[in-house]
1. Which of (1) over 22 Å from the mean Cα position of the chain (by Cα); (2) farther than 30 Å from Trp24 by Cβ; (3) not β-branched (Val, Ile, Thr) is the odd one out, the single condition Leu325 does not satisfy?
2. Between residues in region 255-273 that are more than 18 Å from Ile62 (Cα to Cα) and residues that are among the small types (Gly, Ala, Ser) and part of a helix (DSSP H, G or I), which pairs lie under 6 Å by C-beta distance while being six or more apart or on different chains?
3. Looking at Ala366, is it outside the structural domain of Ala72 (by TED's automatic domain parsing) and at pLDDT below 80?
4. Working carefully through the options Ala189, Ala217, Ala284, find the one that is closer than 22 Å to Asn379 by Cβ, assigned by TED's automatic domain parsing to the domain that holds Val100 and of a type in the set (Gly, Ala, Ser).
5. Looking only at region 344-359, which residues are crowded, with 24+ Cβ neighbours inside 10 Å and closer than 18 Å to Met324 by Cα?
6. Got at least one residue in region 139-146 being crowded, with 24+ Cβ neighbours inside 10 Å and small (Gly, Ala, Ser)?
7. Is it the case that some residue within region 171-190 is under 30 Å from Ile135 (Cα atoms), within 23 Å of the chain's Cα centre (by Cα) and either in a helix (DSSP H, G or I) or not acidic (Asp, Glu) (or both)?
8. I'd like the residue in region 372-384 that is out of contact with any Lys or Arg (no Cβ under 6 Å at 6 or more places or on another chain) and closer than 13 Å to Ser67 by Cα and, out of all such residues, is surrounded by the fewest Cβ atoms within 10 Å (Cβ to Cβ).
Amino acid sequence: MTTNSKSTTLNLLNLKSLPIRTFWITSIAFFICFFSWFGIVPFMPDVVKDLGLSPDQKWNSIIVAVSGTVFARLLIGKLCDKYGPRICYTWLLILGAIPVILLGFVQTPLQFIICRLFIGFIGASFVITQFHTSIMFAPNIVGTANATSAGWGNLGGGANRLGMPLIAAAVISFGVAETEAWRYCMVIAGIVCFLMGVVYYFFTQDTPQGNYAALKAKGELPQSKKDEVSFLSAIKDYRVWILFVVYAACFGMELTVYGTMDDYLQNTFQLERSTAGNLVLSFALMNIFARTLGGFFGDKFGKLKGLRGRVLFLAAILAVEGLMLSLFSGMTGLAFGIVFLVGFSLTVQMAEGATFSVVPFINKKAIGSISGIVGAGGNVGAFVAAMVLKSKSAIAEKTAIAENQSLGQEAVEAAQALASSEAVSSGYFIIGVFVVFTAIVSLAIKFSTEDEKAVEKEMKAVPAYN
């Protein structure tokens with residue numbers, strides 16, 4: 001595919017342009033997937049009461065939801081390279097709708113955990129979104145397009161905090177019991193996923209030149225043996241695995257930090273639960289622009305310094321991200337704490353955008369496979385970091401409870417909150433140091449002179465779509 005068939009601008013109102021229509025549809029599909037993936041989160045207190053979940057069962061449901069995504073992202077990237085994003089997204093949405101709907105009918109903790117495992121597979125939608133925008137936009141704008149579609153899709157993970165309670169209120173207004181509302185909400189979310197799969201099939205196209213099946217029939221795309229070679233070359237490329245760790249250090253850390261931030265803000269700064277929740281939601285909503293900034297500056301540095309410029313910006317923003325989190329971990333005053341937390345939120349999302357301003361240039365014959373591997377890195381990072389924080393916090397809390405048990409319930413709760421705060425604080429500091437180290441490692445990503453010249457030539461070509 002040549003630059004002549006790709007868009008060199010991100011004119012969001014030009015719906016006559018195939019790349020722009022694709023951008024909107026894939027971003028909306030990604031939003032719906034994330035909304036459904038985390039849709040149960042606002043209802044967890046109701047689920048715990050309804051199904052009688054133990055603390056371990058509740059935590060296990062969270063872990064499997066993330067774990068399932070890792071394997072799905074690794075698989076879906078290779079499938080995109082072979083079958084194209086249109087068919088892959090269609091089936092992911094339609095099949096992913098099934099466990100979302102079934103979650104509304106579960107009666108036991110085991111059924112709940114199994115459904116959350118399979119719902120996690122729709123987190124692979126991120127890979128297809130990045131793949132589809134990568135082959136629709138030219139090198140001068142691909143970083144911005146990738147970052148914006150990903151950022152707006154990620155909003156689904158925060159919007160459910162507002163959207164799901166509104167859907168529940170509407171359901172209750174029709175006479176449904178408040179304790180049963182969460183079930184109807186998940187069924188509705190699943191139906192929307194299914195319908196979006198139908199939309200994706202009929203209103204998108206794999207590439208500006210046509211769909212994969214037709215292009216392969218004409219001999220314009222590599223056949224299965226070459227697909228296999230491309231995949232093997234991707235997994236053998238050291239740069240792919242550096243980006244795997246890089247995405248673990250940005251998206252993985254964002255998931256973990258925001259997943260633990262509600263409790264941390266309450267325990268450290270004595271905030272009310274609603275206030276802490278609103279703060280975390282506001283940081284999640286920064287995805288509206290923060291990821292886009294990362295992709296935008298990645299493209300700008302790419303124009304100034306070539307592919308090496310993209311890597312330099314990625315390393316710089318990663319280093320600032322790690323610094324912001326480490327500094328935040330030591331704050332005891334709310335005002336300065338919020339300043340550094342905002343700094344972390346901005347830079348971690350910019351780093352995510354910057355990562356996928358580099359990914360499309362690693363190996364253009366295996367963009368899907370590479371996107372899948374790198375995307376999986378984010379969930380692996382989230383899993384490892386969550387386990388580290390959980391283990392540190394659990395040990396500290398158990399010790400605090402044992403030492404203060406004779407002082408009464410109020411004293412025990414205060415000691416437990418303090419122990420948790422200190423444990424998570426040290427965990428955040430360790431994570432921040434890891435991110436800075438990853439920034440240094442990312443500088444090892446190199447591109448050949450031939451790669452640089454090829455991209456420079458591609459950027460000078462005149463596009464057919466604008």
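The values are calculated or read from the model by the stated rules, or taken from the named source; none is laboratory data. Just so we're clear, the structure is a prediction, and the values are computed from it rather than from any experiment. In this analysis, Cβ positions are derived from the backbone assuming ideal geometry, glycine residues included, and neighbour counts consider all displayed protein chains.
1. Tallying (1) over 22 Å from the mean Cα position of the chain (by Cα); (2) farther than 30 Å from Trp24 by Cβ; (3) not β-branched (Val, Ile, Thr), Leu325 fails exactly one: (1).
2. Leu265/Ala276; Gln266/Ala276; Asn267/Ala417; Asn267/Ser420; Asn267/Ser421; Thr268/Ser421
3. Considered against the rule, which asks whether it is outside the structural domain of Ala72 (by TED's automatic domain parsing) and at pLDDT below 80, Ala366 comes out as no.
4. Details: Ala217 fails: closer than 22 Å to Asn379 by Cβ; Ala284 fails: assigned by TED's automatic domain parsing to the domain that holds Val100.
Matching residue, one of Ala189, Ala217, Ala284: Ala189.
5. Of the residues in region 344-359, the ones crowded, with 24+ Cβ neighbours inside 10 Å are 344-345, 347-359.
The answer is Phe344, Ser345, Thr347, Val348, Gln349, Met350, Ala351, Glu352, Gly353, Ala354.
6. Yes, some residue in region 139-146 is crowded, with 24+ Cβ neighbours inside 10 Å and small (Gly, Ala, Ser).
7. The first filter runs over region 171-190 and keeps only residues under 30 Å from Ile135 (Cα atoms), leaving 189-190.
Pick out the ones that are also within 23 Å of the chain's Cα centre (by Cα) and you get 189-190.
Imposing the further condition that a residue be either in a helix (DSSP H, G or I) or not acidic (Asp, Glu) (or both) reduces the set to 189-190.
Yes - at least one qualifying residue is present in region 171-190.
8. Taking the candidates together, the pick is Val384.
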